[in-house]
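Worksheet for the structure shown next.
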Amino acid sequence: MSDDPLVRVDDLHKRYGDEEVLKGISFEMDRQDVQVLVGPSGSGKSTLLRCVNRLTEFQGGEITLDGTPVTEMDVDDLRRQVGMVFQDFNLFAHLTAKENIMLGPRRVLGKTEEEAAERALDELDRVGLAAQADSYPAELSGGQKQRVGIARALAMDPKLMLFDEPTSALDPELIGEVVEVMEDLAEGGMTMLVVTHEMGFARAAATDIMFLDQGRIVEHGPPERLFENPEHERTAQFLERLTRLHGETR
Amino acid sequence: MSAGEADGDADADAGGGVAPDARTAGPRRSRAGTLKYVAGAVLWGWVLLRWGNDWLGGVFVPRGQAFVPPATVAGLGDAIPVLAGVANGLAFAVHYLPNLMNAMWLTVVLTVVSITLGFPLAVALAAARSYGHYTGWAALGFVELFRGTPLLAQLFVLYYGLPWLPAFFRNLPFVGEGIVPAQAVWVAVVGFTLNSAAYQGEYIRGAIDSVDPGQLEAGRAVGLSKLGSVRYVVLPQALRYAIPGWTNELVYLIKYSSLAAFITVPELLYRAQAFASETYRYTELFVLAGVLYLGLVVTASSLMGYVEGRVAIPGLGNAEGR
């Protein structure tokens, strides 16, 4: 089983009404892979991410997690195994940082209050926010919120983490702290599927970069090749522009 | 936040909302606020003494009789002629208040029981309206039926149109004995509960819809079921948003409860009117009843203001957080 890829996406098609936003996407991810998705807005990156944990349903093709088609899994069980980090954080607004992280373990995994609290503090410590455990989301900066968002997903012990533009809603000076946490995660062996424009992160941490445009994969390969020697002129132009805009934020 | 916060003092601090201990810090009272608390303490101290006295068979004075004889109050006017008019008015009030108090007990029972029973029903209706398919249609039907027809007509149908309903309550133990009101009150409670649930449900639905959809999605993303996400993520936020609107409904219900008089419930306004037609002193008695209603309403809205402050969360529902 563990020789199989952790994630296999095979000829994925997704339509919103008449508009086809994903037109046959196929790729695989092994354990500990960090797959970065880039592409212009409307290219289908976020939709692809959301198909993996079925926040969006798809019409054609197949996605398997650990060999099981996600469409055959219980949807709550699937999401237990796949953590997600949102562009606008979506922290539970009525709960403190610690309680945000505890909710999943308490209500989904059935852990006790003490176990969940202990784990939450560990995760907060990992993202450098132990001191903010009792702060409410409104009292945290954007960067802190996103780190809590990451900690919340990690507390569920996911097999795979999905990042949907985790730094796009942040002020430039706050991006670094979030990217740092993500790089630590990647280094620690977490399997990650990341939609981002942070080319610094892509260069440093990505196993592969996938360039999506209009619902199709234009180019897919290791960062060195895509940055230094891309097959398509479009890829070169897009990556160059992203690097100029988002390359050196730290 | 919108209207419905006539009593700004209790949530003045919660409105600041940045300090983590905003929930535990006691409300800072203005002078007017202090006056209100003193007036409330005097009113309710006296009301409870009054009820206690009458329920326990006349501990201090015989049932229905004033603590201070009206004649004594009127006597003040003889002593100080300038105050004779005031003294006479007071004596009149003192004479009738004890009986109005027993009527006010019914008003309190009607309101408190109905709003309390209506609340869980309202939450279910609101959740169904926001998230349900077939249940959503059913909830919509319920809401339109009870909001769209006169409350008085609903009470008539329940009391006169369904004879088994009052009969059912009449046969329950304790009904009509001691402080437990008679069957007509419980029929009215059924009517108010259903009607109020429809209105409360609409306030709560509005609040649910104002919770960022990303909150539900994040709940689903950590593996909570839809029901679990609503229960643990959406509702705790929505119910906080709903407090001002819900308070409005509570205040309405206090006054609407007087419609129970039409199905023979001798509540506050009914009793005031009965005394008025005996004495022809309509103005005085309705002013007296009005003062008591005002006391109930200010108490209710102050309590809800206090609750709102207690459950306030920094950045949630405060002006600066939204």
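The values are calculated or read from the model by the stated rules, or taken from the named source; none is laboratory data. Quick caveat: nothing in here was measured; it's all calculated off a predicted structure. Cβ: placed from backbone, ideal geometry, glycine included. Neighbour counts: every protein chain shown. Calculation scope for accessible area: heavy atoms of the full protein, side chains included, ligands and nucleic acids excluded. Shrake-Rupley method; radii C 1.70, N 1.55, O 1.52, S 1.80 Å.
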Within segment A:206-228, tally of residues that are in contact (Cβ under 8 Å) with a residue 12 or more places away in the chain and open to solvent by 20 Å² or more (accessible area, probe 1.4 Å):
10
Of the residues in segment A:184-206, how many are under 12 Å from the mean Cα position of the chain (by Cα) and part of a helix (DSSP H, G or I)?
2
In this structure, is A:Thr243 β-branched (Val, Ile, Thr) and either surrounded by fewer than 19 Cβ atoms within 10 Å (Cβ to Cβ) or closer than 19 Å to A:Arg31 by Cβ (or both)?
yes
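With touching a residue at least 24 places away in the same chain (Cβ under 8 Å), within 12 Å of another protein chain (Cβ to nearest Cβ), open to solvent by 50 Å² or more (accessible area, probe 1.4 Å) and of a type outside the set (A, V, I, L, M) as the only criterion, which of A:Asp134, A:Asp74 stands out? Steps first, please.
On the way: A:Asp74 fails: touching a residue at least 24 places away in the same chain (Cβ under 8 Å).
Matching residue, one of A:Asp134, A:Asp74: A:Asp134.
Considering only residues that are of a type outside the set (Val, Ile, Thr) and surrounded by 19 or more Cβ atoms within 10 Å (Cβ to Cβ), look in segment B:220-231 and name the one that is farthest from the other protein chains (Cβ to nearest Cβ).
So the first thing to find is which residues in segment B:220-231 are of a type outside the set (Val, Ile, Thr), and the list is B:220-221, B:223-229, B:231.
Retained after the next criterion (residues that are surrounded by 19 or more Cβ atoms within 10 Å (Cβ to Cβ)): B:220-221, B:223-224, B:229.
On the way: B:Arg220: 7, B:Ala221: 4, B:Gly223: 4, B:Leu224: 6, B:Ser229: 9 Å.
Here the answer is B:Ser229.
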Wholly enclosed strands (runs of 3 or more DSSP E) of segment A:1-45 bearing at least 2 residues more than 21 Å from A:Arg79 (Cα to Cα) and out of contact with any Leu (no Cβ under 7 Å at 6 or more places or on another chain)
A:7-16, A:19-29
The condition from (1) modelled with pLDDT of 95 or more; (2) open to solvent by less than 10 Å² (accessible area, probe 1.4 Å); (3) away from chain A (no Cβ under 14 Å) that B:Gly305 misses is numbered (1)
Among the residues of segment B:223-234, is there at least one that is in contact with a Gly (Cβ under 8 Å, 6 or more places away or on another chain) and of a type in the set (Lys, Arg)?
no
With respect to A:Ser46, determine if the residue is under 22 Å from A:Met210 (Cα atoms), surrounded by fewer than 23 Cβ atoms within 10 Å (Cβ to Cβ) and modelled with pLDDT under 95.
yes
Given the residues B:Val109, B:Val82, which is the only one that is assigned to a helix (DSSP H, G or I) and modelled with pLDDT of 90 or more?
B:Val109
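Please report, ordered by residue number, the helices (runs of 4 or more DSSP H) entirely within segment A:63-142 with at least 2 residues that are farther than 25 Å from B:Lys226 by Cα and of a type outside the set (Gly, Ala, Ser).
Ranges flagged: A:113-126.
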The listed residue being touching a helix residue (DSSP H, G or I) at 6+ places or on another chain (Cβ under 8 Å), among the basic types (Lys, Arg) and either free of Cβ contacts under 8 Å to residues at least 12 places away in the same chain or more than 14 Å from chain B (Cβ to nearest Cβ) (or both), out of A:Lys14, A:Lys23:
A:Lys14
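Looking at segment B:50-66, which of its residues are touching a Lys or Arg at 6+ places or on another chain (Cβ under 8 Å) and part of a loop (DSSP other than H, G, I, E, B)? Full working, then the answer.
We begin by selecting, within segment B:50-66, every residue touching a Lys or Arg at 6+ places or on another chain (Cβ under 8 Å); these are B:53-54, B:57.
Listed by number, the list holds a single entry, B:Gly57.
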Just one of the numbered conditions (1) within 14 Å of chain B (Cβ to nearest Cβ); (2) at positive phi is not true of A:Thr56; which one?
(2)
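So how many residues does segment A:143-158 have that are assigned to a loop (DSSP other than H, G, I, E, B) and open to solvent by less than 10 Å² (accessible area, probe 1.4 Å)?
Taking segment A:143-158 and keeping what is assigned to a loop (DSSP other than H, G, I, E, B), we get A:155-158.
From what is left, the residues that are open to solvent by less than 10 Å² (accessible area, probe 1.4 Å) are A:155.
The total comes to 1.
Which of the residues that make up segment B:166-216 are within 14 Å of another protein chain (Cβ to nearest Cβ), in a helix (DSSP H, G or I) and either in contact with a helix residue (DSSP H, G or I) (Cβ under 6 Å, 6 or more places away or on another chain) or open to solvent by less than 50 Å² (accessible area, probe 1.4 Å) (or both)? Talk me through it step by step, then tell me what you get.
The initial filter retains those residues of segment B:166-216 that are within 14 Å of another protein chain (Cβ to nearest Cβ), namely B:207-208, B:210-216.
Next, from what is left, pick out any that are in a helix (DSSP H, G or I): B:207-208, B:213-216.
Passing the criteria: B:Ala207, B:Ile208, B:Gly214, B:Gln215, B:Leu216.
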From the residues in segment B:239-254 that are among the hydrophobic types (A, V, I, L, M, F, W, C) and more than 10 Å from chain A (Cβ to nearest Cβ), which one is farthest from A:Arg106 (Cα to Cα)?
B:Ile254
Any idea which of A:Leu109, A:Leu91 is over 27 Å from A:Glu20 (Cβ atoms), crowded, with 20+ Cβ neighbours inside 10 Å and either touching a Phe, Trp or Tyr at 6+ places or on another chain (Cβ under 8 Å) or not aromatic (Phe, Trp, Tyr) (or both)?
A:Leu91
Filtered residues of segment B:74-113 (kept if open to solvent by 40 Å² or more (accessible area, probe 1.4 Å) and of a type outside the set (Val, Ile, Thr)):
B:Leu76, B:Asp78, B:Ala79, B:Pro81, B:Leu83, B:Gly85, B:Asn88, B:Leu90, B:His95, B:Asn99, B:Asn102, B:Trp105
Is there any pair linking a residue in segment A:85-107 that is more than 7 Å from every other protein chain (Cβ to nearest Cβ) to one that is surrounded by 24 or more Cβ atoms within 10 Å (Cβ to Cβ) and among the basic types (Lys, Arg), with Cβ under 8 Å and at least six apart or on different chains, and which?
A:Phe89/A:Lys145; A:Leu91/A:Lys145; A:Leu91/A:Arg152; A:Asn100/A:Arg152; A:Ile101/A:Arg152
